[in-house]
Amino acid sequence: MERIECRTYKNYAVVAEKSAAEFQALINLITVPETWFFRDDEPFVYLAEYIHTVRLKNQDVRPLSILSLPCSSGEEPYTIAMVLRECGLAYSEFRIHAYDINGAVLEKARQGLYSNHSFRSANRTIVLPKSCGRRLILMWAIY
């Protein structure tokens, strides 16, 4: 509010309603972009189970389409891609549509550059279904 010299919330609301840029700035300020790679094991284990028990058994050749919403700064959709690749799907066999209302974090996702904070689940193992044939060992290195 100070940046655009609004003295009351009511005045700021009027400005934000009329200015798409100011409305986006407000959204970027009030959203909480909290995420990291492999943040929660269960959805990714379930995804791997689905790939092996349904998709591969049925020999479904249509590209798999996954929506990641909200995707924040991209750690979740990138994790989904890692799991799908680990299950044997080629990049051409899936599409991940990732969206977030916060434009600043979407730009970070497009860049694909992450700090140590995004790797809080690193150096541990996620056990994927036996049909996947392996464990996904999370390790990372800084170059």
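Every number here is computed from the coordinates shown, using simple stated rules; none is lab data. Quantities reported herein were computed from a predicted structural model and do not represent experimental measurements. Every residue, glycine as well, gets a Cβ built from its backbone with ideal geometry; the counts of neighbours run over all protein chains shown.
Descriptive notes on the structure:
- Values of log10 I(q)/I(0), in the order q = 0.12, 0.14, 0.24 Å⁻¹, for the stretch 1-97 under a Debye, Cα-only, solvent-free model: -0.56, -0.65, -1.22
- Cα gyration tensor, the stretch 64-127 - rounded (a/c under 1.5), prolate or oblate: oblate
- Mean Cβ neighbour count within 10 Å, used as a protection proxy, ranking 29-36, 54-61 highest first: 29-36, 54-61
- Residue-span extension gain [residue 42 to residue 18] - 0.36 nm each, minus C-alpha spacing: 4.4 nm
- R0 of 30 Å, Cβ-Cβ distance residue 31-residue 56: FRET efficiency to nearest 0.05: 0.25
- Put a dot 7 Å past the Cα of residue 5, heading toward its Cβ, do the same for residue 107, and the two dots end up 2.5 nm apart.
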